[in-house]
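S.K.: Structure below; questions to follow.
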Amino acid sequence: MKRLPLLLGSALIAASLFALRAQEPAGSRSVWDGVYTEEQAKRGEPVYQKECAACHGAMMTGGESAPPLTGGGFQANWNGLTLGDLFDRIRKTMPQSKPGSLTRQQDADVLAFMLSLNKFPAGKTELYRQSEMLKEIRFETKKPAAKD
Amino acid sequence: MLPRKASGGSLRFVCFVILSLIPAVVFAQYHPKDTEWASYAADLAGTRYRPLDQINASNFSNLEIAWRIKTDNFGDRAEYKLEGTPLMVNGVLYATAGSRRAVIAVDPESGELLWIHGEHEGKRGGAAPRQLSGRGLAYWSEGVDERIFYVTPGFRLICLDAKTGVRVPSFGENGIVDLKLDDDQTISDWNNNREWAPNLETGEIGIQSAPAVAGDTVIVGAAFREGMTPKSMRNNKGYARGFDVRTGKRLWIFHTIPKKGEFGYNTWEKGSAEYTGNTGVWSQVTVDEKLGLAYLPVESPTSDFYGGHRPGNNLFGETLVCVDLKTGERKWHFQLVHHPLWDMDISSAPILADITVDGKPVKAVAQPTKQGFLYMFDRVTGKPIWPMPERPVEVGNVPGEWYSPTQPIPTKPPAYSRNGVSIDDLIDFTPALREKAKQDVAKYHLGPVFTPPTVSKREGPLGTLTMGTASGGTNWPGGSYDPETHIAYIYACNSCIEPIGLVESPKEVSDLRYISGVAGREVQILRGPGENAGADSPKPPKKRAGGSYSRLEEDDLPIVKPPYGTITAINLDKGEFVWQIAHGETPDVVRNSELLKGMNIPRTGQTTYNIGTLVTKTLVIAGEGQVTTTADHPRGAMLRAYDKATGKEVGAVFMPAPQSGSPMTYMVHGKQYIVVAVSGGPYSGEYIAYTLPSAGE
């Protein structure tokens, strides 16, 4: 029972965080807003080639055992979700032979390289390295009209 | 409940011995009913057909979820690529599931878990080339002895008591046959000194498909890592083997790469049969029990796209091989692709079809392929049903490569999916889009089926642009077949475009002269998984990207024109199409495209290759491989039913994620069920069972 106040406290904090998030304009940024840097994507490329390319292909076109990481099928899978969801998936399950063996920085760099090959624009700040923060960035296949 | 050791084995052993002594007349082997799904593809003929009709055109859209099993906890991490097709036999549903490739037994009406079995394989499992839950398992029974067979990621054949999930102690060693042993080769790996040395832990070989159990024989093939950029021209070989279903004793082995003195050895010039590996049977094996013949679909040799180190036709690479079920002796073979260079593994179950050609009955075998040809043979003699002449094909100019000047081309049926790339295949929604696409593909070498790979050059070509190669066409889910009407139903990706370019390999990357790659993108040194990857490891060096590769899409639209994915109905008596439809909702990116606003675009299907079909008395059923969000349904995918006579869609039901394993059906206590594996993207694996509402709609 000693833990009850702690639990209540946590619940209150969680609730207030939720309220804070709810007050923000929902998903204020998307992958079209320059959420990674060119430098970061370049850093991610050798990591990708070393850790991921054997299954997903040097050009992310996929193989018999792994899906493509570019193109319609890939984008459809993540459209409407967040970069946090995609980052979590990479963190939890990749590389397949040793999940979680890459640092958060390496995973973020690989994600930046994936975004660059998927032709999402680079910007001035690097990707966050925490999935909770990346959840603020929406993955949208379609370029928003207002950004044209 | 995750038994690592068999318990109570002695009693079971005694029972087994006693039962074995009772004449087989009393306990005949089990013959599955029409209401059951007793092997991976419904039956050993590879049909994916059940003559059930409770779920039909009038009610398909009323289906609701009977039960569902999330597979997250069947392993030490969730799995997002659940590819299994369960079995349902003798009132129990069995499936492989989760990242440990656990076996689960489930009540087929309620989904209640009856037992679970998993093997903890440590480093051997972690190093396996084909991990995760695999595609399924096999069932065998004789009297009260019911067994489940599956192969672990670490390449062990496991025999379980189907009633308890405990290993059968009398099979192999305590229910296990170590498939890395007794393989007519010493399974090896490169050690730290770059020496090829025996290594049972990391030696590359495994399999993800279900074993085939026929009569008293369990047949197991072999699979390897993706073969695009192998470390070496040397690898373990993927022989196929038959084992005694009762004892696990090896009955036979078929050398998919012949040993010296064996037939076909001379198709490997310069002694290349000695070191070349792969060439496994990684897909489903089909068996004609009456004829006592097994049909082995063989994959590519090392490496997928460069064959300069294996001059010659390379039997039995990409060859359909018919062997005696009991002895493994080769009866006939037909090499679909000489000197393979396109990763055209024979990737799915051969389909057995008793057809009538020009008024005469023929026992045929029909082989769907990545290259969109349905190769058809007399399955007794191996003779093509229709002419399959050797036709000249382009000979390339990759240094050191050996080329076959001809390839066999089926004259019937016509190719059911694109297997080359021409300007006419490119996007043509508008003239401007076609023009842009033409400019983009100008950097590549184009051509029909069997156009060889090129060396990738910055100034062009970057490579050969292909379709119907590594992905297919038809990949591992294969086709389906209605034995009553003699019509096959085959899904194919019709837009899985793949550039194949070769780059010289630095010696520290691979001892192959060329590996898959793109000019301008530096080939990376392959290190062990996780090596140099810890928190304090040095950061990767900063390098300039080549930047010559760009995604093959035009304004996010697929670079080829629809249909992107199809189901084709083919009359096997005549070798002619009955119908062909686009399967799958038009992708969001096409449907919502500003560029295409106001245009009336018929359903396009989807660019995905891992879709399996199911055939019932009246329907062809298949789910979608991509997520869409439409006015009719939230983010998700649809399981669709088509009138099998016409291809007209007659119903659809919502799935929360794409179909990732092929659907199956069965009937229990008067109710028909359809079970399908879904997963992908952020959605972890789940088996979902659909049935009709008891009270009606």
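The values are calculated or read from the model by the stated rules, or taken from the named source; none is laboratory data. Values in this document were obtained by computation on a predicted structure and should not be read as measured data. Virtual Cβ from ideal backbone geometry, glycine too; neighbours counted across all protein chains shown.
S.K.: Restricting to segment B:487-517, count the residues that are away from every other protein chain (no Cβ under 12 Å), outside any strand (DSSP E or B) and closer than 22 Å to B:I351 by Cβ.
M.R.: 1
S.K.: Among the residues of segment B:469-486 satisfying the criterion of being part of a strand (DSSP E or B) and crowded, with 24+ Cβ neighbours inside 10 Å, which is nearest to the other protein chains (Cβ to nearest Cβ)?
M.R.: B:G479
S.K.: Conditions: (1) more than 11 Å from chain B (Cβ to nearest Cβ); (2) buried (at least 21 other Cβ atoms within 10 Å of the Cβ); (3) not charged (D, E, K, R). A:A122 meets all but one. Number of the miss?
M.R.: All conditions pass for A:A122, except number (2).
S.K.: So, one more: Against the conditions (1) in contact with a helix residue (DSSP H, G or I) (Cβ under 9 Å, 6 or more places away or on another chain); (2) outside any loop (DSSP other than H, G, I, E, B), where does A:G100 fall short? Just the number, please.
M.R.: Single failed check for A:G100: (2).
S.K.: Considering only residues that are out of contact with any helix residue (DSSP H, G or I) (no Cβ under 6 Å at 6 or more places or on another chain) and either within 12 Å of chain A (Cβ to nearest Cβ) or among the aliphatic types (A, V, I, L, M) (or both), which ones fall in segment B:147-168?
M.R.: The answer is B:I148, B:V151, B:L157, B:I158, B:L160, B:A162, B:V166, B:V168.
S.K.: Six or more apart or on different chains, Cβ atoms under 7 Å: show the pairs whose first residue is in segment A:74-102 and of a type in the set (F, W, Y) and whose second is in a helix (DSSP H, G or I) and at pLDDT below 90.
M.R.: What qualifies is A:F87/A:S131.
S.K.: Another question about this same structure. Restricting the search to segment B:434-450, which residues are touching a helix residue (DSSP H, G or I) at 6+ places or on another chain (Cβ under 9 Å) and either surrounded by fewer than 20 Cβ atoms within 10 Å (Cβ to Cβ) or charged (D, E, K, R) (or both)?
M.R.: B:R434, B:K438, B:L446
S.K.: Can you pull out the residues in segment A:35-61 that are in a loop (DSSP other than H, G, I, E, B) and either within 7 Å of chain B (Cβ to nearest Cβ) or basic (K, R) (or both)?
M.R.: A:G57, A:A58, A:M59, A:T61
S.K.: A further question follows. Applying the selection to segment B:80-100, what residues are closer than 24 Å to B:A622 by Cα and in a loop (DSSP other than H, G, I, E, B)?
M.R.: Answer for segment B:80-100, where residues must be closer than 24 Å to B:A622 by Cα and in a loop (DSSP other than H, G, I, E, B): B:Y80, B:K81, B:L82, B:E83, B:G84, B:T85, B:P86, B:G98.
S.K.: State whether the residues of segment B:288-297 include one that is crowded, with 18+ Cβ neighbours inside 10 Å and in contact with a Gly (Cβ under 6 Å, 6 or more places away or on another chain).
M.R.: No, segment B:288-297 contains no residue that is crowded, with 18+ Cβ neighbours inside 10 Å and in contact with a Gly (Cβ under 6 Å, 6 or more places away or on another chain).
S.K.: Examine segment B:384-398 for a residue that is modelled with pLDDT of 95 or more, of a type in the set (F, W, Y) and buried (at least 16 other Cβ atoms within 10 Å of the Cβ), and state whether such a residue exists.
M.R.: Scanning segment B:384-398 turns up no residue that is modelled with pLDDT of 95 or more, of a type in the set (F, W, Y) and buried (at least 16 other Cβ atoms within 10 Å of the Cβ).
S.K.: Hey, could you check segment A:103-148 for residues that are in a loop (DSSP other than H, G, I, E, B) and aromatic (F, W, Y) and say which is modelled with the lowest pLDDT?
M.R.: Selected residue: A:Y128.
S.K.: Can B:R418 be described as crowded, with 21+ Cβ neighbours inside 10 Å and closer than 30 Å to B:G598 by Cα?
M.R.: It is true that B:R418 is crowded, with 21+ Cβ neighbours inside 10 Å and closer than 30 Å to B:G598 by Cα.
S.K.: Quick check: anything in segment A:23-32 in a helix (DSSP H, G or I), closer than 27 Å to A:L115 by Cβ and modelled with pLDDT of 90 or more?
M.R.: yes
S.K.: For segment B:96-140, enumerate the residues that are modelled with pLDDT of 95 or more, surrounded by fewer than 18 Cβ atoms within 10 Å (Cβ to Cβ) and not small (G, A, S).
M.R.: B:D107, B:E109, B:E112, B:L113, B:L114, B:H120
S.K.: Return the residue satisfying two criteria in turn: it lies in segment B:646-681 and is without any contact (Cβ under 8 Å) to a residue 40 or more places away in the chain and within 14 Å of chain A (Cβ to nearest Cβ), and of such residues it is surrounded by the most Cβ atoms within 10 Å (Cβ to Cβ).
M.R.: Filtering first and then ranking leaves B:A657.
S.K.: Do the conditions hold for A:L127, that is, is it closer than 28 Å to B:F224 by Cα, buried (at least 23 other Cβ atoms within 10 Å of the Cβ) and more than 9 Å from every other protein chain (Cβ to nearest Cβ)?
M.R.: No; evaluated as a whole, the condition is false for this residue.
S.K.: Right, next: State all residues of segment B:129-155 that are out of contact with any Gly (no Cβ under 9 Å at 6 or more places or on another chain) and either of a type in the set (V, I, T) or in a loop (DSSP other than H, G, I, E, B) (or both); if no residue qualifies, say none.
M.R.: Correct list: B:G143, B:V144.
S.K.: For segment A:75-89, how many residues meet the condition of being more than 8 Å from chain B (Cβ to nearest Cβ) and either within 24 Å of B:C496 (Cα to Cα) or outside any helix (DSSP H, G or I) (or both)?
M.R.: 1
S.K.: Take segment B:132-146 and flag every residue that is within 14 Å of another protein chain (Cβ to nearest Cβ) and touching a strand residue (DSSP E or B) at 6+ places or on another chain (Cβ under 8 Å).
M.R.: B:S133, B:G134, B:R135 - these are the residues of segment B:132-146 that are within 14 Å of another protein chain (Cβ to nearest Cβ) and touching a strand residue (DSSP E or B) at 6+ places or on another chain (Cβ under 8 Å).
S.K.: When the residues of segment B:588-606 are narrowed to those that are more than 19 Å from B:S417 (Cβ to Cβ) and in contact (Cβ under 8 Å) with a residue 40 or more places away in the chain, which ends up nearest to the other protein chains (Cβ to nearest Cβ)?
M.R.: B:D588
S.K.: Still on this structure: Is it the case that B:T466 is under 19 Å from B:V337 (Cα atoms), surrounded by 15 or more Cβ atoms within 10 Å (Cβ to Cβ), touching a Pro at 6+ places or on another chain (Cβ under 8 Å) and polar (S, T, N, Q)?
M.R.: Answer is yes for this residue.
Listed here are the residues, each with its yes/no results for (1) touching a Leu at 6+ places or on another chain (Cβ under 6 Å); (2) among the polar types (S, T, N, Q).
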{"residue": "B:L113", "(1), (2)": "no, no"}
{"residue": "B:S141", "(1), (2)": "no, yes"}
{"residue": "B:I148", "(1), (2)": "yes, no"}
{"residue": "B:P169", "(1), (2)": "no, no"}
{"residue": "B:G172", "(1), (2)": "no, no"}
{"residue": "B:I176", "(1), (2)": "no, no"}
{"residue": "B:K180", "(1), (2)": "yes, no"}
{"residue": "B:D183", "(1), (2)": "no, no"}
{"residue": "B:W190", "(1), (2)": "no, no"}
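S.K.: Sort through B:T247, B:T186 and tell me the only one that's over 26 Å from B:I346 (Cα atoms), hydroxyl-bearing (S, T, Y) and more than 14 Å from every other protein chain (Cβ to nearest Cβ).
M.R.: Answer to the check: B:T247.
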